[in-house]
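Peer 1: Before I ask anything, here is the structure I am working with.
The values are calculated or read from the model by the stated rules, or taken from the named source; none is laboratory data. Just so it is clear, the model here is predicted, and its values are computed rather than measured. All Cβ positions, glycine included, derive from the backbone under ideal geometry; neighbour counts span all protein chains shown.
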Amino acid sequence: MSGVYKITELVGTSPVSFSEAAKAAIAEAAKTIRHIDWLEVVGQNARVREGKIEEFQVTVKIGFKIER
């Protein structure tokens, strides 16, 4: 189906894993954005404190169809 899509970049965080950080970003976005069709992971980072990973961070681009 043809259409117009918008791309938005988000950063999700989690103390557990990169996967959970991506899931957190999508779950939060889905509260206000309809028709999310895909995501692209564009970066992974982690906050380190005292030699241990404190927080996983994932930057994602999400695509969603524009409604008319």
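Peer 1: Go through the stretch 12-40 and count every residue that is exposed (fewer than 15 other Cβ atoms within 10 Å of the Cβ), touching a residue at least 12 places away in the same chain (Cβ under 8 Å), closer than 12 Å to ILE62 by Cα and among the aliphatic types (A, V, I, L, M).
Peer 2: The total comes to 2.
Peer 1: Determine which member of the set GLU54, GLU50 is touching a residue at least 12 places away in the same chain (Cβ under 8 Å), more than 19 Å from VAL4 (Cα to Cα) and out of contact with any Gly (no Cβ under 7 Å at 6 or more places or on another chain).
Peer 2: Only one candidate qualifies: GLU54.
Peer 1: Give me the residue from the stretch 43-68 that is modelled with pLDDT of 95 or more, out of contact with any Asp or Glu (no Cβ under 7 Å at 6 or more places or on another chain) and exposed (fewer than 14 other Cβ atoms within 10 Å of the Cβ) and, out of that set, nearest to THR8 (Cα to Cα).
Peer 2: Out of the qualifying residues, it is GLY43.
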